[in-house]
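*Asks:* What follows is a structure written as structure tokens; I'll ask about it next.
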Amino acid sequence: MPFSGDLPERDQVDSEFKWSLEDIYADQEKMELDFQRVHKDLDKFGHYRGKLGDSAALFRECMELEEVLGIAMGKILVYCTMKSHEDTRNTGFQGLADRAMNLMVRFSTAMSFVVPEITALPEHILRHYLSDPDMSLYRFMLEDILRQKPHVLTPAEEEIMARAGEISHAPETIFSMLSNADMKFPFVVDEEGRKVELTEERYSRFIKSRDRKVRKKAFRELHRTYGKYENSLCAMYSASIKSDIFHSRTRSYDSSLEASLDGDNIPVSLYENVVNTVGLNLECLHEYVSLRRKVLGIRKVHMYDLYVPLVEETTREIPYEKALEMVRGGLAPLGEEYLSVLEKGFREKWIDVYENRGKRNGAYSWGSYGTHPYVLLNYNGTLRDVFTLAHEMGHAIHSWYSHKEQPYIYGDYSIFLAEVASTTNESLLIEHLLSGDLETEERIYLLNYQLEQIRTTVYRQTLFAEFERDIHLLAEQGNPLTPDLLKNKWHDLNEKYYGPSILVDDETDIEWARIPHFYSAFYVYKYVTGLAAATTLSSMIISGEEGSRKRYLSFLKAGSSRYSLDILRGAGVDMTKPEPLEVTLSKFAQVLEEMKGLLG
């Protein structure tokens, strides 16, 4: 489909470039039958409330009901929501999505007793269920519940904790309302001399501007606006941290960090390993900042100079068929079995390719147990779009394998593993492209892309992780969190990470207040481990290491049938050790050396 100046309406896009939601339901009438069945059968959960410890048979019946209704609910939600994404202007589709979400809330409410009730079962009942051969499907789930048993409170206390949940989320809600609804940013002048109102979304474009005056102005105005609210923002974040500490101490954890990691059975030592390993390998990041200073021809690199590409992205348009060819070539090292699934996705209309009027922006992969995965794109023919295609198909094929090979209860992979397959695909693709015949500018662009991926994902997110760890520790020790304490800590970390060639602008000191992930404590380290695991896996696969391809496919098929760290170990990556991070940082050093050579 050729690009033109005007966006087409949905019905003007060729059907071969649109996903096939008919694979879920042939029409809305078929969906409605499932909708009414789920709506009617939700009352059946009441039969099992308070009885999950009575017998293994009742326990299994309840879990089987959850599976049957859960599969139908997933299909309804995916179908209705993605239908609304085809054209967000269509009020009928929006109403459909709202109905599905309302049913999802009812479904979640109806079965909300299940996990707390299982968790509260006496240990002797849990152990009896574990030894029952008819309960073998649920063994891993029960073992995990038993593992966390020391941190489970009495039923009355658990009810109080559940009621406190809404209060605990208040700091995040207030932050979101302030930053998204109430906070107004000034106007800035863009590259064409037009006055444009600054927003967080537009900032991500301005900070990459080739015009230094534009990115400097955007940087200063954005952060100075946050600075005006520093006392309120500090109070919000402090309240969030106090909530983390309250929950961890109430559940008898040694720290809020331990409490946060325990759900995924991640040891605190892994988190410390991330911070320490990256912290001991900052020299290459300092060299990269120094290279930026040289290439950009400036005396000192400021924080607003970190995102501008060192070379322009190629302007040549890449037709979608060519993009498919590039992705096939990049993923060839994964073997015929993987490529056959990739081809199935390309051929059987998993992907909604082009923009149309009203279509949801961005890109994602979604689906549910009982459907094949889907990918939404807004393909515009850029090299970045090709990487997006590879990335989202990584998610999709991971889901396809997990759903195919695992029962419903273990069909979805953990958030800890979520970015591994998608980033592995990107790593394989970029190595494939770099092995081809490229113009020097194209090669430099790809090398810069690799460096920025590692800088923003490994170095920057580790900086975030170190900040979170240290600030929580200070609060746990009884120190009051003041704006000056937070700003000074942030300033010092940026100087440490980026090194002597950078001037950490005063406006940077308030940047911690912009990070929404900080309201989900100790989340960002997963970006670091995901990229490190993906870099290690792609390295083994490309080198043809014996068994690496087979182990990787087993990883994709594992779902959540074991702990995330054990699944990764099975693929050949032990994230409790420094090696995967060292492989990634070594890749950064190698790419940096080549780029320095090309730039002269």
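*Asks:* In nm, what is the difference between 0.36 nm times the number of residues separating PHE346 and MET161 and their Cα-Cα distance?
*Replies:* Numbers: separation 185, 0.36 × 185 = 66.60 nm, distance 4.68 nm.
Taking 0.36 nm per residue and subtracting the Cα distance, the gain is 61.9 nm.
*Asks:* Let me ask you something else. Report the relative contact order of the chain, percent, no decimals, based on alpha-carbon pairs under 8 angstrom and at least 6 residues apart. Don't skip to the answer; put the middle values down first.
*Replies:* Values: 737 pairs, mean separation 110.4, N = 600.
Taking the mean separation of contacting Cα pairs over the length of the chain, I get 18 percent.
*Asks:* Among DSSP beta bridges lying fully in the chain, give the percent that are antiparallel, nearest 5. Provide the component values of the computation, followed by the final result.
*Replies:* Details: 6 of 10 bridges.
Once the DSSP bridges in the chain are tallied, antiparallel ones form about 60 percent.
*Asks:* A further question follows. Per 5 Å bin, what is the whole-percent P(r) computed from every C-alpha pair distance within region 232-347?
*Replies:* The percentages, shortest bin first, are 2, 8, 9, 8, 7, 9, 13, 15, 14, 11, 4, 0.
*Asks:* Quick one: net charge around VAL268, please, counting Lys, Arg +1 and Asp, Glu -1 for every other residue with C-beta under 10 Å from its C-beta. Numbers along the way, then the final one.
*Replies:* Details: positive: ARG469; negative: ASP254, GLU258, ASP262, GLU272.
With Lys, Arg at +1 and Asp, Glu at -1, the net is -3.
*Asks:* Which whole-number percent is the relative contact order of region 17-168 (Cα, under 8 Å, 6+ apart)?
*Replies:* Details: 93 pairs, mean separation 32.5, N = 152.
Dividing the mean separation by the residue count of region 17-168 yields 21 percent.
*Asks:* Could you count how many Lys pairs in region 523-600 have their Cα atoms under 22 Å apart, skipping same-chain pairs fewer than 8 positions apart? Intermediate values should be presented prior to the final figure.
*Replies:* Working: LYS526/LYS557; LYS526/LYS577; LYS526/LYS587; LYS577/LYS587; LYS587/LYS596.
Lysine pairs, 8 or more places apart or on different chains, close enough: 5.
*Asks:* Work out how much length GLU67 to ARG293 would gain on full extension: take 0.36 nm times their residue separation and subtract the Cα-Cα distance, in nm to one decimal. Could the numbers behind the result be given before it?
*Replies:* Numbers: separation 226, 0.36 × 226 = 81.36 nm, distance 5.69 nm.
Extra length from GLU67 to ARG293 when fully extended: 75.7 nm.
*Asks:* With charges set only on the Cβ (+1 for Lys and Arg, -1 for Asp and Glu), what does the dipole of region 17-168 come to about its Cα centre, in debye to the nearest 20?
*Replies:* Working: 18 positive and 26 negative charges, 31 e Å.
Result for region 17-168 is approximately 140 debye, rounded to the nearest 20.
*Asks:* Right, something else. Kirkwood hydrodynamic radius, computed over distinct alpha-carbon pairs, for the chain: how many Å, to one decimal? The partial results should precede the final answer.
*Replies:* Values: mean 1/r = 0.0378 Å⁻¹.
That comes to 26.4 Å for the chain.
*Asks:* Using the Kirkwood formula over every pair of different C-alpha atoms, what hydrodynamic radius in Å results for region 17-168?
*Replies:* On the way: mean 1/r = 0.0565 Å⁻¹.
Evaluated on region 17-168, it is 17.7 Å.
*Asks:* Turning to a different aspect of this structure: If you split all Cα-Cα distances of region 467-579 into 5 Å bins from zero, what percentages do you get per bin, shortest first?
*Replies:* Calculated P(r), rounded to whole percents: 2, 9, 15, 16, 13, 11, 10, 11, 9, 4, 1.
*Asks:* Same structure again: Any idea how far the Cα center of region 114-148 sits from the one of region 481-515, in Å?
*Replies:* 47 Å
*Asks:* Along each of its three principal axes, how wide is the spread of alpha-carbon positions in region 34-74, in whole angstrom units, largest first?
*Replies:* 31, 16, 11
*Asks:* If Lys and Arg each add +1 and Asp and Glu each add -1, what is the summed charge of the other residues whose beta carbon sits under 13 Å from the beta carbon of VAL38?
*Replies:* Numbers: positive: ARG37, LYS40, LYS44, LYS75, ARG99, ARG106; negative: GLU32, ASP34, ASP41, ASP43, GLU66, GLU67.
With Lys, Arg at +1 and Asp, Glu at -1, the net is 0.
*Asks:* Can you give the calculated 222 nm mean residue ellipticity of the chain, where each DSSP H run of n ≥ 4 adds -39,500 (n - 2.57) and the sum is split over every residue, rounded to the nearest 500 deg cm²/dmol?
*Replies:* Numbers: 27 runs with 358 residues, N = 600.
After summing the helix terms and dividing by residue count, I get -19000 deg cm²/dmol.
*Asks:* If I histogram all Cα-Cα distances within region 1-66 using bins 5 Å wide from 0, what percent of pairs lands in each bin?
*Replies:* 3, 12, 14, 11, 10, 9, 9, 8, 6, 6, 5, 4, 1, 0
*Asks:* Given region 17-168, what count of lysine pairs have C-alpha atoms under 15 Å apart, with each pair 8 or more places apart or on different chains? Numbers along the way, then the final one.
*Replies:* Working: LYS18/LYS83; LYS30/LYS75; LYS30/LYS83; LYS75/LYS83.
Number of lysine pairs found: 4.
*Asks:* Got a sec to turn the phi values of region 354-360 into Karplus ³J(HN,Hα) couplings, 6.51 cos²θ - 1.76 cosθ + 1.60 with θ = phi - 60°, whole Hz, x for Gly and Pro?
*Replies:* Whole-Hz 3J(HN,Hα) from phi for region 354-360: 9, 5, 9, 4, x, 5, 4.
*Asks:* Would you mind ranking ASP492, ASP244, ASP385 by Cβ crowding within 10 Å, fewest neighbours first?
*Replies:* Exposure proxy ranking, most exposed first: ASP492, ASP385, ASP244.
*Asks:* Set the Förster radius R0 to 35 Å, insert the Cβ-Cβ distance between SER204 and GLU9 as r into 1/(1 + (r/R0)^6), and round the FRET efficiency to 0.05. Provide the component values of the computation, followed by the final result.
*Replies:* Numbers: r = 29 Å, r/R0 = 0.82.
Computed FRET efficiency for SER204 and GLU9 comes out at 0.75.
*Asks:* Moving to a separate point now. Straight-line reach from LYS213: which lysines fall under 19 Å, measuring Cα to Cα and dropping same-chain residues less than 8 apart?
*Replies:* The qualifying lysines are LYS195, LYS294, LYS300.
*Asks:* About the Cα centre of region 493-599, how large is the charge dipole given +1 on each Lys and Arg Cβ and -1 on each Asp and Glu Cβ? Please answer in debye to the nearest 20. Provide the component values of the computation, followed by the final result.
*Replies:* Details: 12 positive and 14 negative charges, 171 e Å.
It comes to approximately 820 debye.
*Asks:* Work out the FRET efficiency for LYS577 and ILE415 from their Cβ-Cβ distance, taking R0 = 22 Å, and round it to the nearest 0.05.
*Replies:* Working: r = 21 Å, r/R0 = 0.97.
The pair LYS577/ILE415 has a calculated efficiency of 0.55.
*Asks:* Right, next: Less than 14 Å Cβ to Cβ from THR371, Lys/Arg counted +1 and Asp/Glu -1: what total charge do the surrounding residues give? Don't jump to the answer; show the numbers that get you there.
*Replies:* Values: positive: LYS30, LYS75, LYS83, LYS344, LYS349, LYS404; negative: GLU22, ASP23, ASP34, GLU348, ASP412.
In short, +1.
*Asks:* Measure off 7 Å from each Cα along the Cα-to-Cβ vector at ASP134 and PHE17, then give the distance between these two points in nanometres to one decimal.
*Replies:* About 5.6 nm, to one decimal.
Rule-based calculations on the coordinates, nothing more; no lab input. All values reported here derive from a predicted model rather than from experimental measurement. Ideal geometry is used to build each Cβ from the backbone, glycine not excepted, and the neighbour counts take in all protein chains shown.
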